[in-house]
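Engineer: I have a structure here, written as structure tokens, and I will follow up with some questions on it.
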Amino acid sequence: MNKAVFVATSHARSGKTSISLGLMNILTGMTKKVGYFRPVISDPIAGAPDEHIETFLSHFNIDMAYDDAFVYTRSQVERLINQGKSDLVISRIISHYKALEEKFDFILVDGSDFYPEGSIVEFEINLEIAHNLGIPAVLVEAQNDLSEEDIISNLTIIYKAFREKDVEVIAVVANKTTDAAKKIREDLSIAIEDTNVLTAAIPSNKRLDCPTVDEIRRATGARVLMGEDYLGNIVEHTSVGAMQPNNFLKDLQNNSLVVVPGDRSDILMAATLANNARLYSNISGIILSAGLLPDKNIIRLFEGNAITMPILSVQENTFDTAVAISKVNARIYPNSIDKIETMIRSFQEAIDTEALEKKIITFQTEGMTPKMFLYNLYKKAKVQRKHIILPEGSDERIVAAASRLLNMDIVDMTILGTEEMVKDAAMRAGVEIDLSKIRVIDPVNSEYFEDFVKTMYELRKAKGLTEEAARDVMSDVSYFGTMMIYKGLADGMVSGAAHTTQHTILPSFQIIKTKPGVSTVSSVFFMCLPDRVSIFGDCAVNPNPNAQQLAEIALSSAETALSFGIEPKVALLSYSSGTSGKGQDVDVVREATAIAREKRPDLKIEGPIQYDAAVDMKVGRSKMPNSEVAGQASVLIFPDLNTGNNTYKAVQRETGALAIGPMLQGLNKPVNDLSRGCTVDDILNTIIITAIQAQNK
């Protein structure tokens, strides 16, 4: 039974990190406790921790101490080998790995990166580690400046070296390839001569090969003066501001980092104005050289104005700074979210992930962690691509989430608003959004507006709506977006970051309406607890449901559980369990349970039952020993909105659980409401569950 996989390369700058990120994304989606082990790390620079370890532990929320993730630094290994103590190096690594094996279900073992330069000794050490740990390997090599023949030859040599050491190889990856990626993969497969080995070729991505402003800040020791939120900007070019502003702006390239003496206030102001006005190419940031700073009166011009790029200061002169920047290689840090997601997507597109999953994980894990749930959400959303409307194009969180989803390539999206509005929101969010890959519609000036007005009038004229009122209504983004769904121009909508719940969902009641056989629209939250995912309902819509409504909420929530891969064990909650309690409130729950059981005798439904008896096996067996639900409920139905809303928030705050939702149930087509305090992650996850709901329609 595989409990680990080893990722190895033989040269520097292979892009191995992107493969490791892709693998870790798979692992955390398939098993509960995944560890990260990097036996040999590069020597720390000025005592800084290893960025690879920090990135993996942080991004994937791995529960392990930093010091447990490695054994040696590179110089320590070299010193021990020079002393003839190679066996000690390997034995300590094996001992450390075995200790981790006891704690985790699976471990990603990351070979060294040959940074800043590799050696044959380093390759041999990686080979010995994989051999002695007895775990399969994924091999990586970058094409970079190599010919197609050379990259295939290099990978074949590495493959044979590992096989000669009796290391099972499950995949061989040619990374950073040219436009001939498909041919390289096919030729690589022929050269390996083993149909059991997966092969892949990942095309080069210029954005991944470019450093961020923050990476340059680290390398040059620059001090941030302002615009700290935009340190993640990608730097594709370096521009030295030595000419007059009119000549400087002519030659400015997109995503340039401008290096200029600190006393050149004219260049500083010209670059900042050009970037904010979007009249010229995007500027990634400005570095003021020679330790000089603009006059305080110039600095005051920036106060209170939106700065959409970082401005930094260094002590070195302009020439030396430009040279230092040219030597900075792109790295990955915990805050490099855009790069991380792009790497994972590139990996998924290049390799047969389903085949890889079967080769890596040879056992079935029990339960479901939040990471596993999210991984399955993303995987499910890709099966049948859907189109989601985002009406709030002026909200930077909405645009930031859309930008990330474009990187993940999961759904199609339309944003309502003007292109200028969306660009401004992206600028405030510090992200780039490719408007060639996402549709932007200005409702009132769109080709659909007049038709939508007529349709709205026909739908609501019996309710007293006039044509003029229909025109006013349809100028509202919530109504316009809902009408797009009704007309089949989109599959679902996510709104509420800048609007009330009523403003978001009222149009859906009037236009989309409820599914046949459903009279109660309700909501659920997916509560991603450390060791399981539960469904809480109704926590957002119905204040005081009667027995019939409560039963319908329970059945809708059970269907939702099934749709998202959760076995529904439904608990209708009350202040007493079984037949012990009396009173109007508990009687409503008892009646609702009877109705639900009668309608769906195939489901496991229990109620009334207390929360502790529903989720704690010991308490459940004590209070309701014969129940199929007690102690293991996955769907928890609250008796009223007051209880449900407070409980989900209490669980979220006290346990750190990820709460995804609210997700509306019962509509003909999905419309979901966001909290006005939502984060970018909340929006991203809500868009994905909306796309999955649309599949189920």
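Engineer: Based only on the alpha carbon positions, what is the Kirkwood hydrodynamic radius of segment 569-639, in angstrom?
Structural biologist: The Cα-based Kirkwood calculation yields 11.6 Å.
Engineer: If Lys and Arg each add +1 and Asp and Glu each add -1, what is the summed charge of the other residues whose beta carbon sits under 15 Å from the beta carbon of Ile190?
Structural biologist: Net charge in that neighbourhood comes out at -2.
Engineer: Right, another one. HN-Hα J couplings of segment 475-490 from phi, Karplus 6.51/-1.76/1.60, θ = phi - 60°, integer Hz, Gly and Pro as x?
Structural biologist: Whole-Hz 3J(HN,Hα) from phi for segment 475-490: 6, 7, 5, 5, 5, 4, x, 5, 5, 4, 5, 4, 7, x, 7, 7.
Engineer: Considering only Ser289, Gln315, Asn445, whose Cα is most displaced toward the positive end of the charge dipole of the chain, charges sitting on Cβ of Lys, Arg (+1) and Asp, Glu (-1)?
Structural biologist: The residue sitting farthest along the positive end of the dipole is Asn445.
Engineer: Choose one of Ile94, Gln652, Val138: the residue whose Cα lies farthest towards the positive end of the charge dipole of the chain (beta-carbon charges +1 Lys, Arg; -1 Asp, Glu; about the Cα centre).
Structural biologist: Gln652
Engineer: While we're on this one: Please enumerate, by chain and number, the aspartates and glutamates with C-alpha under 17 Å from the C-alpha of Lys386, excluding those fewer than 8 residues away in the same chain.
Structural biologist: Asp409, Asp412, Asp491
Engineer: Could you give me the ³J(HN,Hα) list for segment 105-113, computed from phi with Karplus coefficients 6.51, -1.76, 1.60 and θ = phi - 60°, whole Hz, x at Gly and Pro?
Structural biologist: Running phi through 6.51 cos²θ - 1.76 cosθ + 1.60 with θ = phi - 60° gives 6, 8, 9, 8, 9, 9, x, 6, 9 Hz.
Engineer: Each residue of segment 394-403 in order: what ³J(HN,Hα) in whole Hz does its phi give by Karplus 6.51 cos²θ - 1.76 cosθ + 1.60, θ = phi - 60°, with x for Gly and Pro?
Structural biologist: My calculation for segment 394-403 gives 8, 8, 5, 5, 4, 5, 5, 5, 4, 4 Hz in order.
Engineer: Follow-up question, since we're still on this one. How big is the dipole moment of segment 433-534 about its Cα centre under a simple scheme where the beta carbon of each Lys and Arg is +1, that of each Asp and Glu is -1, and everything else is neutral? Debye, nearest 20, please.
Structural biologist: 420
Engineer: Right, here's the next one. Sequence-distant or interchain residues sharing an amide H contact under 5 Å with Ala4, placed H: which?
Structural biologist: Those lying under 5 Å, H to H, from Ala4 are Ile107.
Engineer: Could you state the principal axis extents of the C-alpha atoms in the chain, from the largest down, to the nearest angstrom?
Structural biologist: Between the extreme Cα coordinates on each principal axis of the chain lie 80, 64, 49 Å.
Engineer: Among Ile605, Ile361, what is the fewest-to-most ranking by other Cβ atoms within 10 Å?
Structural biologist: With the fewest neighbours first, Ile605, Ile361 line up as Ile361, Ile605.
Engineer: Next up: Suppose only helical runs count, i.e. DSSP H with n ≥ 4. What mean residue ellipticity at 222 nm does that imply for the chain under -39500 (n - 2.57) per run, divided by all residues and rounded to the nearest 500 deg cm²/dmol?
Structural biologist: One gets -14000 deg cm²/dmol as the mean residue ellipticity at 222 nm.
Engineer: Which lysines have a Cα less than 19 Å from the Cα of Lys463, not counting those fewer than 8 places away in the same chain?
Structural biologist: Filter leaves Lys454, Lys513.
Engineer: Leu658's amide H: which non-local residues (gap 5+, or another chain) put their own amide H closer than 5 Å, with H modeled 1.01 Å from N in plane and none for Pro or chain starts?
Structural biologist: Correct list: Cys528.
Engineer: Compute the projected area of the convex hull of the Cα atoms of segment 370-511, averaged over all viewing directions, and report it in nm² to one decimal place.
Structural biologist: Directional mean of the projected Cα hull area for segment 370-511 stands at 9.3 nm².
Engineer: Moving to a separate point now. So, counting K/R as plus one and D/E as minus one, what does the shell of residues with Cβ under 11 Å around Pro203 add up to?
Structural biologist: +2
Engineer: Tell me, what is the percent relative contact order of segment 522-666, built from C-alpha pairs under 8 Å that lie six or more residues apart?
Structural biologist: Averaging sequence separation for qualifying contacts and normalising by length gives 38 percent for segment 522-666.
Engineer: When the Kirkwood radius is taken over all Cα pairs of segment 213-326, what Stokes-Einstein diffusion coefficient follows at 10 °C and 1.306 mPa s, in µm²/s?
Structural biologist: For the chosen part, D equals 116 µm²/s.
Engineer: Further question on the same structure: Report the Cα-based extents of segment 532-650 along its three principal axes, largest first, to the nearest Å.
Structural biologist: Over segment 532-650, Cα extents along the principal axes are 36, 33, 33 Å.
Engineer: Enter the mean projected area of the convex hull around the alpha-carbon atoms of segment 401-474, in nm², rounded to one decimal.
Structural biologist: Taking the Cα atoms of segment 401-474, their convex hull projects to 6.2 nm² on average.
Engineer: Going by C-beta contacts inside 10 Å, put Ile62, Ile692, Ile687, Ile298 in order with the fewest on the left.
Structural biologist: Ile298, Ile62, Ile692, Ile687
Engineer: Could you list which residues have their amide H under 5 Å from that of Lys569, counting only those 5 or more apart in sequence or on another chain, with H placed in the peptide plane?
Structural biologist: It is Ser634, Val635, by chain and number.
Engineer: If each residue's Cβ is checked for other Cβ atoms within 10 Å, how do Lys371, Lys3 rank with the fewest at the top?
Structural biologist: Lowest count first: Lys3, Lys371.
Engineer: Hey, which of these cross-link pairs are over 19 Å Cα-Cα: Lys380/Lys599; Lys461/Lys515; Lys569/Lys669; Lys379/Lys649; Lys33/Lys98; Lys32/Lys103?
Structural biologist: Among Lys380/Lys599; Lys461/Lys515; Lys569/Lys669; Lys379/Lys649; Lys33/Lys98; Lys32/Lys103, the Cα-Cα distance tops 19 Å for Lys380/Lys599; Lys461/Lys515; Lys569/Lys669; Lys379/Lys649.
Only the coordinates and a few stated rules stand behind these numbers; no lab work does. Since this is a predicted model, take the numbers as computed values, not measurements. For neighbour counting, all protein chains shown are included, and Cβ atoms are generated from backbone atoms with ideal geometry for every residue, glycine included.
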